[in-house]
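The values are calculated or read from the model by the stated rules, or taken from the named source; none is laboratory data. Quick caveat: nothing in here was measured; it's all calculated off a predicted structure. Quick reminder, even Gly has a Cβ in these numbers, built from the backbone with ideal geometry, and neighbours come from all protein chains shown.
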Amino acid sequence: MNESSTSSTSSTGAGRGATLGEDFGRAFITLTHETLTAAADALGDLDRRAGDGDFGTNVRTAMKGAATNIENDAPSSYREWLTAMYMGWLGVGGTSGPLFGMFFRDLAKAGSDQGPDSGEPGSDATGTPTLEQFAQALADGQATVQKYGEAKVGDKTMVDALDPAVVALKDADASDAAAALAAAEEAAIAGARDTAESTAKRGRASYVGDAAKGVIDPGAAAMALVIGAARAAAAGESSVEADWIG
Amino acid sequence: MRRSIVNDPDDLVAEALEGLVLSHPTMLELDAEHRYISRKQKARDKVGLVSGGGSGHEPLHSGFVGTGMLDVAVSGAVFASPTALQVLAGTKAADAGRGVVQIVKNYTGDVLNFRIAGEISGDDAIDTEIVLVDDDLASDTGEDDGPGRRGTAATVIVEKICGAAAENGMDLQQVAAVGRTVAQRSRTMSLALAAGTHPGDDEPQFTLDADEVEFGVGIHGERAQRRIPFTGADELIEQLVDPLLEELELGRGTEVLAIVNGLGSAYPLELSLAARALHRRLDTDGITVGRSLVGSYVTSLDMHGVSITLMPLEDELRELWDAPVRTPALTW
């Protein structure tokens, strides 16, 4: 039991301070890196059918950049792990790369920046946010992605996976981080799958019109994998289910 | 079959930037990792100016780094925006403690990456302002929710005038405001007789018959909305100028700054002749060309074409335009 979570515990909301664990930042980013690297070919294939075909390359470049940052910066806190990932994304072209970068940047901000040994109230030794703070960061990330990408829900973009995940987290039992994130992952995957039936108004697939019908949006698929990585990290698991991408 | 002077097309931008800096060793410096060119002698105590965008438009932007103009120019791949990380590094390099104006041509990728870089610069307490250049009249659809007009040759005027404003000691808001005024007052129309060819490609981006002219063309080899019949230079230039006069509502006695810009493979003799046609056309409406540039400043690889940019002048803008400038591509 993490003693720092006691401050937010009250008789009516015993679970509201559910923690993600001191290892969450490292595990989340490591799993994101592994999962997206492994899925890059499949994501690139989706993009060739429903976009301009550069997403697989951009994902690989972003993950290579993140790996380099991790090697050079030797992150120890949650925020440092997330920063290595967001800076990796900001070094790639296209539109969804920078948007993923800004999404991860909002997740990074949720961590304490006082360093591992700060003992700052409400944060653990690695400055990891609570589940509630992480859920709020996902919502902030969605707002940022929508601000910069000018996409609405249903436009066949990464937002279609992120929005249901944010909603599912709000509705979930906040006392169990792994279960709440599992609900978010399930909602994100369903949202990503549904993009196969929608017509793009923004982003990559808007240029190819009906040719993208029946194809899952690769940005939404990647977003669902990221949520899956968060779930696996919170559950202490070592892999993310990605076969559903096709 | 078109050929280019390249080694590996993938190395074109990096090698060309090296060549530019080698050619101007006292004036320029290259950050090879982030692919930006900066002044060799970093300016002090003034608003910083950073611009950039896809490559293939040279001398824009890298050729305009120097005293009186840009502090930093960031280069993307051919016709592709630089990444947010590159722009962030360039923005930080341009900062001399008084904030940074980012001059951005209105394209989705450029706008996104400069906005993101601007936001993240805030983490380092660097204030930024974006000046968006959207002068291309041909892409003006009148719709509010579209991508808006493209940014083309007026970028040179914005970079020159903001550069002078910054050297004169204006603050961040003032430099941005004068830049926005320039962008708002400038409009451009372009035509092409032949498209450019991507380095490494065999074929140009589009082909035209001998009696066709691509009218209202952009600077990325994209097709225009219209084709018009090929005819003599006077008549072609007139067709570029007329919509500009109408849009800018230029009356008799107006003094303008004009750019007669080659799009890549128009030769100087053609551009001088186009300038003559422009002056004659403006003369008949009682409009005078107070200042002008004639040459290839904002190009589209080897596109054979010309653009005309007009901006009504007034005293402050004329003074800023006339202020000293020393860059590889513009010096007085």
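Which number in (1) of a type in the set (D, E, K, R); (2) crowded, with 20+ Cβ neighbours inside 10 Å; (3) within 14 Å of another protein chain (Cβ to nearest Cβ); (4) in contact (Cβ under 8 Å) with a residue 40 or more places away in the chain marks the one condition that A:Asp124 misses?
It is condition (3) that A:Asp124 fails.
Looking only at segment A:72-99, count how many residues are more than 10 Å from every other protein chain (Cβ to nearest Cβ), assigned to a helix (DSSP H, G or I) and among the hydrophobic types (A, V, I, L, M, F, W, C).
Residues meeting the conditions: 4.
Please pick out the residue among B:Val104, B:Val47 that is modelled with pLDDT of 95 or more, crowded, with 24+ Cβ neighbours inside 10 Å and under 13 Å from the mean Cα position of the chain (by Cα).
When all the criteria are applied, what remains is B:Val104.
Checking the structure you have, find out if any residue of segment B:199-216 is at pLDDT 95 or above, within 20 Å of B:Tyr297 (Cβ to Cβ) and outside any strand (DSSP E or B).
Yes, segment B:199-216 contains at least one residue that is at pLDDT 95 or above, within 20 Å of B:Tyr297 (Cβ to Cβ) and outside any strand (DSSP E or B).
Does B:Gly295 satisfy the condition of being surrounded by fewer than 22 Cβ atoms within 10 Å (Cβ to Cβ) and either closer than 30 Å to B:Arg3 by Cα or within 17 Å of the chain's Cα centre (by Cα) (or both)?
yes
Between B:Ser23, B:Ser4, B:Ser38, which is closer than 25 Å to B:Ala176 by Cα, among the hydroxyl-bearing types (Ser, Thr, Tyr) and either out of contact with any Cys (no Cβ under 8 Å at 6 or more places or on another chain) or not assigned by TED's automatic domain parsing to the domain that holds B:Gly97 (or both)?
B:Ser38
What number of residues within segment A:130-172 satisfy the criterion of being among the hydroxyl-bearing types (Ser, Thr, Tyr) and in a helix (DSSP H, G or I)?
Selection size over segment A:130-172: 2.
Among the residues of segment B:40-74, which ones are among the basic types (Lys, Arg) and free of Cβ contacts under 8 Å to residues at least 24 places away in the same chain?
B:Lys40
With at pLDDT below 95, away from every other protein chain (no Cβ under 14 Å) and part of a loop (DSSP other than H, G, I, E, B) as the only criterion, which of B:Gly169, B:Gly142, B:Gly151, B:Gly146 stands out?
B:Gly142
Taking only segment B:242-274 into account, find how many residues are surrounded by 21 or more Cβ atoms within 10 Å (Cβ to Cβ) and either among the hydroxyl-bearing types (Ser, Thr, Tyr) or within 17 Å of B:Leu193 (Cα to Cα) (or both).
Selection size over segment B:242-274: 7.
Residue under question is B:Gly109, and the condition is that it be more than 8 Å from chain A (Cβ to nearest Cβ) and either touching a strand residue (DSSP E or B) at 6+ places or on another chain (Cβ under 7 Å) or among the small types (Gly, Ala, Ser) (or both); does it hold?
Taking the combined requirement at face value, the residue does not satisfy it.
Checking the conditions here, which among B:Met311, B:Met303 is out of contact with any helix residue (DSSP H, G or I) (no Cβ under 6 Å at 6 or more places or on another chain) and under 21 Å from B:Phe64 (Cβ atoms)?
Exactly one residue qualifies, and that residue is B:Met303.
Only residues in segment B:287-315 that are in contact (Cβ under 8 Å) with a residue 12 or more places away in the chain count as the first member; pair them with residues that are of a type in the set (Phe, Trp, Tyr), Cβ under 8 angstrom, at least 6 apart or cross-chain, and list the lot.
B:Arg291/B:Trp321; B:Leu313/B:Trp321
Return yes when A:Leu107 is hydrophobic (A, V, I, L, M, F, W, C), away from chain B (no Cβ under 12 Å), assigned to a helix (DSSP H, G or I) and crowded, with 24+ Cβ neighbours inside 10 Å and no when it is not.
Yes: the conditions hold for A:Leu107.
Could you list, in sequence order, the residues of segment B:80-106 that are part of a helix (DSSP H, G or I), away from chain A (no Cβ under 11 Å) and either of a type in the set (Val, Ile, Thr) or closer than 22 Å to B:Val182 by Cα (or both)?
Listed by number, the residues that qualify are B:Thr91, B:Ala94.
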